[in-house]
Amino acid sequence: MKKAIYVLTLSLVVVSGLVFANREIKNEASKKSSPKPLTDAEKRAARLQWEASPGGINYKTWEASPEGKKVYSGVENISKYVREYTNMEAVVTSLSLPPGSLLGFGVMARINGDDYILRFDDGLQQLRGLKVNDKIIIKSHYISVAPKYAYPIVSGDYAERDGKIIYKRPLPPKGGC
C-alpha cells in the first residue's frame with residue numbers, strides 16, 4: 001500500500017512540474033512575440049527598399065503608364081463619395097469580372113462615366129438578380145488599384161436597386177475577432 005501511495009505522489013509531482021514548466025515557457029514566448037511598431041524612418045526605408053525591388057519597379061512603371069494614370073483618374077473621380085460614404089449611382093455593364101481575376105464575387109459598373117470593378121465580400125444570393133443596365137446605388141469605404149486590372153476596384157459595403165436594399169456588408173462580430 002505504501003508503494004502505491006509513493007508511486008502516485010511521485011507521478012503527481014512529476015506531472016505538476018511539467019505543467020508548470022510548460023506554462024512558464026508559453027508565458028515567456030508570448031511576452032517576446034509582441035512586435036514594436038515601426039518608426040517613420042523604418043517605414044520610409046522599407047518603402048524605398050520595396051520600390052527598388054523588381055515588383056516595386058514594375059508597379060512604378062505601371063503607375064506612370066497611360067493605363068495606370070487612367071485607373072488613378074477613376075479613383076480620383078469617386079474618392080469624394082468614398083471618403084464621405086455617400087451614395088453613388090452605378091450602371092451594371094457586365095455580370096462577370098475581367099478574365100483571370102481573383103477578387104471573388106463582383107460585377108463591372110459605370111460610375112460618373114468611368115468603369116469600375118464592384119467587389120462584394122459575400123452576397124451572391126442577394127445580388128444574383130442583377131442584370132446588365134440595372135441602375136443601382138452603392139456606398140463604399142474603400143477603393144483599391146492593382147496593375148493586374150485596368151479598372152479601379154471598389155469594395156461594396158451597401159447596394160440598393162429600386163429603393164430596396166440588395167446588399168449590405170455584414171458587420172464584424174461584437175467583441176473583435
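The values are calculated or read from the model by the stated rules, or taken from the named source; none is laboratory data. Please read all numbers here as calculations on a predicted model, not as lab measurements. Every residue, glycine among them, receives a Cβ derived from its backbone with ideal geometry; neighbour counts consider all protein chains shown.
For I143, are the conditions met, namely being touching a Lys or Arg at 6+ places or on another chain (Cβ under 6 Å) and not small (G, A, S)? Against the criterion (touching a Lys or Arg at 6+ places or on another chain (Cβ under 6 Å) and not small (G, A, S)), I143 does not qualify.
Within the stretch 48-105, if we keep just the residues that are in a strand (DSSP E or B) and of a type in the set (A, V, I, L, M), the residue that is farthest from L130 (Cα to Cα) turns out to be M88.
Free of Cβ contacts under 8 Å to residues at least 12 places away in the same chain and β-branched (V, I, T): is that true of T93 in this structure? Judged against the criteria, T93 is not a match.
In this structure, does Y149 turn out to be aromatic (F, W, Y), touching a strand residue (DSSP E or B) at 6+ places or on another chain (Cβ under 7 Å) and outside any helix (DSSP H, G or I)? Spelling it out, Y149 is indeed aromatic (F, W, Y), touching a strand residue (DSSP E or B) at 6+ places or on another chain (Cβ under 7 Å) and outside any helix (DSSP H, G or I). Restricting attention to the stretch 132-166, and to residues there that are among the polar types (S, T, N, Q) and within 29 Å of K60 (Cβ to Cβ), which single residue is surrounded by the most Cβ atoms within 10 Å (Cβ to Cβ)? Filtering first and then ranking leaves S140. Taking the criterion of being at pLDDT 90 or above and charged (D, E, K, R), the residues of the stretch 135-159 that qualify are K135, K139. Scanning the stretch 115-125 turns up at least one residue that is of a type outside the set (A, V, I, L, M, F, W, C) and modelled with pLDDT of 90 or more. The set of residues in the stretch 86-131 being of a type outside the set (A, V, I, L, M), surrounded by 11 or more Cβ atoms within 10 Å (Cβ to Cβ) and over 21 Å from G163 (Cα atoms) consists of S94, P98, S101, G104, F105, D114, D115, Y116, D121.
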